[in-house]
Amino acid sequence: MKKIASALLLSAIAAAAVPASAAEIVVIVSKQNPATRMFSEQASQFFLGKSNLFTPVDQADGSAIRNEFYHKVADKDAAQVKALWSKLVFTGKATPPKEYPNSAEVKKAVAADPKAIGYIDKSAVDDTVKVILTLP
Amino acid sequence: MKKHLLAAAVLAATAALSAQAGVLDDGNLSISGFGTVGVAQSNTDDVKFARYNQADGVGNSARIGLDTNLGLQATYKINDWLSGTAQVLTRKATEHSFTTDLTWAFLKARINDEVSVRVGRVVVPTFLISDYQNVGYANTMMRPPIEMYGQAPIENSDGADINYQHAFGDLNFTAQAFAGVSRGKLFVSTGAGSTATYRAPARGISLAGEYGPFLLRVAHARADMEINDIQPINALTNTLTSVGFGQLASDITFSTGKKIAFTSIGGTMDWNNVVGQAEYAQRRAKDKVYLPDTNAWYAMLGYRFGKVLPYYAHASAKGAGSSITAPAALAKIPALNAGVANLLTSAEQTTDIVGVRWDFAKQLALKVQVDRVKPGAKSGLLINVPAAGYTKDVTVVAAVVDFVF
């Protein structure tokens, strides 16, 4: 029994660890968007409410890909990003990005809006969207 | 009046929309909120420590009123370029109980990607954190240093503002200009305490540059304050007039409208886990009025250890003279002369603050803060002070949980 429990625990840890470390995140825009490449600092501007030129599309709050994305582009954890957004939201300066539950939904939303910018798992990329940045 | 109606209309529209939210559910309505639940206590009952414009302070027994608040906000996106937002805030302010105010209520038109215009009620960005000082979760410190934030009485204004945002390479530049009429209540701590009502046409501009983790901001605002019912001032000016100092009385009073200017420079940083925030500001009377000129500053430095962020801050408020010089003849009435001299003198105070913020759970932050308040001239910014004044240090300990949803 204990062995099964520890095996389950081990595989759960492994499962949790794999997508966080092995997955590559790519930043995507619509095919109609003229942008071809972007630096991570630039990408972070849209997701931190500092620029309205593109419309950010976010992954689910608390998801591993979201935490990893903000860590990679802005070196911020979820709480820091939330604090930053609460400053913008409660002063009426900006509204937080719309959230979608997974990479497939994010991709669909980005493909449908020429101004949208999103980030998804590299494996979810197809020819409906354009990759402008790969986060190692 | 028109602006009141407008604000009410925006609120009503937003409320009506939120009532239908379940039915509509088209993703255009967002309801969010913030709040703080806290308890605070000081080491003495001889004086009370309060936030700016609070009627009830804390003494030597635990009280929740100092820092506890709740803000609720609804935004409805009418279309791609137009939206309406209303926010109400419940807290203890100029009354001895919790009250709810409409703090924001505006229609926002996005002109293009860089310019937006808001019409209605907006909070005035006099100082660095003026427009989010009540959102504990968005701030590192538990409360805005009263030495700085106690300088500006105006909170929001009914009118319009324009926001401009542009990136020059890696430098993000933002500008905000506003004009409108501010109305509100002021708590007058003299004696048993009373409230006064002000009306102030106000306008101002703030410019900010953000370069990576560094933000620098300068701002200037002017208000034409008109207050008719500050009881202790009216009592004094009536007496002065009756003994032949009518000019001095009309110089002192706010009842004819007096211009006050606020100028500030401040910045924040969040660089390699080093978190900083500092600001310097001046309040200057541009007409003759009793309200003393002041200079204030504070500086905060913290270091982020993962979810835990300890910080230290120092704040200072000092007098910078008065726009009025009492006539020499007033010296013949020593009591009155002393009263006027005292009125024209600014309260002075410094505070040392140590605290820690712990982001212990999603959308929740716990803060513990100790303020060591050193009152100077006129018992500093403490309230309910004894007639003889108070110069001893006061220690205030507080713990709060800030949340957003």
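The values are calculated or read from the model by the stated rules, or taken from the named source; none is laboratory data. Since we're looking at a predicted model, the values are computed, not measured. Positions of Cβ are backbone-derived with ideal geometry, glycine not excepted, and every protein chain shown enters the neighbour counts.
Points to keep in mind about this one:
- Hey, B:Val340 at pLDDT 95 or above, in a helix (DSSP H, G or I) and either surrounded by fewer than 21 Cβ atoms within 10 Å (Cβ to Cβ) or not charged (D, E, K, R) (or both) or not: yes
- Residue count for the range B:245-283 under the criterion of being part of a strand (DSSP E or B) and within 14 Å of another protein chain (Cβ to nearest Cβ): the result is 7.
- Of the residues B:Asn79, B:Asn53, the single one that is over 22 Å from the mean Cα position of the chain (by Cα), more than 12 Å from chain A (Cβ to nearest Cβ) and either part of a loop (DSSP other than H, G, I, E, B) or within 30 Å of B:Ala192 (Cα to Cα) (or both) is B:Asn79.
- Applying the criterion of at least 3 residues that are more than 9 Å from chain B (Cβ to nearest Cβ) and closer than 29 Å to B:Thr174 by Cβ to the helices (runs of 4 or more DSSP H) found wholly in the range A:63-127 leaves A:64-74, A:103-112.
- Flag for B:Thr174 being farther than 30 Å from B:Ala55 by Cα and either at pLDDT 95 or above or crowded, with 23+ Cβ neighbours inside 10 Å (or both): yes
- Candidates B:Thr103, B:Thr85 - the one that is under 24 Å from B:His166 (Cβ atoms), within 11 Å of chain A (Cβ to nearest Cβ) and not in a loop (DSSP other than H, G, I, E, B): B:Thr85
- Close pairs (6 angstrom Cβ cut-off, 6 or more residues apart or separate chains): away from every other protein chain (no Cβ under 11 Å) in the range B:150-175, aromatic (Phe, Trp, Tyr) and crowded, with 22+ Cβ neighbours inside 10 Å anywhere: B:Ala152/B:Phe262
- The range B:56-75 - residue that is outside any loop (DSSP other than H, G, I, E, B) and free of Cβ contacts under 8 Å to residues at least 60 places away in the same chain and, of those, nearest to the other protein chains (Cβ to nearest Cβ): B:Gln73
- Selection of the range B:343-367 for residues being among the aliphatic types (A, V, I, L, M), surrounded by fewer than 16 Cβ atoms within 10 Å (Cβ to Cβ) and within 22 Å of the chain's Cα centre (by Cα) yields only B:Val354.
- Residue in the range A:41-51 that is closer than 18 Å to A:Pro101 by Cβ and either touching a helix residue (DSSP H, G or I) at 6+ places or on another chain (Cβ under 7 Å) or part of a helix (DSSP H, G or I) (or both) present: yes
- B:Val275 being over 21 Å from the mean Cα position of the chain (by Cα), hydrophobic (A, V, I, L, M, F, W, C) and within 30 Å of A:His71 (Cβ to Cβ): yes
- Residues in the range B:201-248 that are without any contact (Cβ under 8 Å) to a residue 60 or more places away in the chain and among the small types (Gly, Ala, Ser): 7 in all.
- The conditions of being touching a Leu at 6+ places or on another chain (Cβ under 7 Å) and either surrounded by fewer than 19 Cβ atoms within 10 Å (Cβ to Cβ) or within 14 Å of another protein chain (Cβ to nearest Cβ) (or both) are not met by B:Leu301.
- B:Leu207, sole failed condition from (1) crowded, with 16+ Cβ neighbours inside 10 Å; (2) more than 14 Å from every other protein chain (Cβ to nearest Cβ): (1)
- Of the residues B:Glu114, B:Glu95, the single one that is more than 10 Å from chain A (Cβ to nearest Cβ), surrounded by fewer than 18 Cβ atoms within 10 Å (Cβ to Cβ) and among the charged types (D, E, K, R) is B:Glu95.
- A:Ala43 at the interface with another protein chain (Cβ under 9 Å from one of its Cβ atoms), within 24 Å of B:Leu171 (Cβ to Cβ) and crowded, with 21+ Cβ neighbours inside 10 Å: no
- The combined condition, being at positive phi and over 20 Å from the mean Cα position of the chain (by Cα), is not fulfilled by B:Asn238.
- Checking each residue in the range B:54-71 for being among the hydroxyl-bearing types (Ser, Thr, Tyr) and under 13 Å from B:Ser42 (Cα atoms) picks out only B:Ser61.
- Any hit, the range B:387-397, residues being buried (at least 22 other Cβ atoms within 10 Å of the Cβ), closer than 29 Å to B:Val275 by Cα and among the polar types (S, T, N, Q): no
- Inclusion of A:Val27 among residues that are in a strand (DSSP E or B) and either out of contact with any Cys (no Cβ under 9 Å at 6 or more places or on another chain) or at pLDDT 95 or above (or both) is warranted.
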